[in-house]
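Report on the structure given below.
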Amino acid sequence: KKRFVMSKLFRVVLSAFVLLTSVFAANSQNLKINELIARNASGLVDEFGDDDDWIEIYNPGSSAVNLAGLYISDTNSTADFFRIPSFDAAKTTVPAGGYLILWADGEPGEGANHLPFKLGNGGEGVYLGQLSGGSISMIDQLEYPKLERDVSYGRWPDKTGNFRLLSDP
């Protein structure tokens, strides 16, 4: 007959509003918005076969970075920032020296790498930040021009160059 001995149990009761924040690795500051498309009609498709808008994040660092807990938006209004969820690290981790696609499809229920907004093809901004001292501090941001169907806006040469219109996303 086995006996189980329980140690003391502790109960925590919060009697006031508590703000819990994540601590991010310093290498999240190196992340770059590398390319995006705001009118994808026949290019890259998501795991559901949808040719939705997307934002490509590049990690120039030597270790992987999980985007979970970071914030992203298509406006610079703090109220509109979306916190990237932490329930699927496989879909939110940018490998060292690699890329990750976030789908700007307005369908966050499709997975951790799907955002609750779509990109405007008339030109707007994309903002990537993290919570710091109660406000969002920018990691990277990009203002992009009006984009035609299946034309992306990205760095050329890839990863390092200036932004330009790309007819082959």
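Numbers for the structure displayed
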item: Per-residue HN-Hα couplings for the stretch 130-147 [Karplus 6.51, -1.76, 1.60; θ = phi - 60°; Hz; x = Gly/Pro]; result: 9, 6, 8, x, x, 9, 7, 9, 6, 8, 7, 8, 8, 9, 10, x, 4, 10
item: Filter on Lys91/Lys146; Lys118/Lys146; Lys32/Lys159 - keep pairs with C-alpha separation over 19 Å; result: Lys91/Lys146
item: Vicinal HN-Hα couplings computed from phi for the stretch 111-121 (Karplus, 6.51 cos²θ - 1.76 cosθ + 1.60; Hz; Gly/Pro x); result: x, 5, 9, 10, 9, x, 9, 10, 7, x, 7
item: Largest-first ordering by accessible area, 1.4 Å probe, given options Glu35, Glu110; result: Glu110, Glu35
item: Nitroxide proxy distance, nm - points 7 Å out along Cα→Cβ at Asn30 and Glu124; result: 3.1 nm
item: Which of Tyr153, Tyr144 is most accessible, then next, and so on - probe 1.4 Å; result: Tyr153, Tyr144
item: Net charge of Cβ neighbours under 15 Å - reference Leu67; Lys, Arg +1; Asp, Glu -1; result: 0
item: Virtual paramagnetic centre 7 Å along Cα→Cβ of Tyr99, amide N under 12 Å, in the stretch 150-165; result: 152-156, 158-160
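The values are calculated or read from the model by the stated rules, or taken from the named source; none is laboratory data. Computed from a predicted structure; not experimentally measured. So basically every Cβ, Gly included, is an ideal-geometry build from the backbone, and we count neighbours across all protein chains shown. Quick note on the areas: whole protein, heavy atoms, side chains included, nothing else; ligands and nucleic acids left out. Shrake-Rupley method; radii C 1.70, N 1.55, O 1.52, S 1.80 Å.
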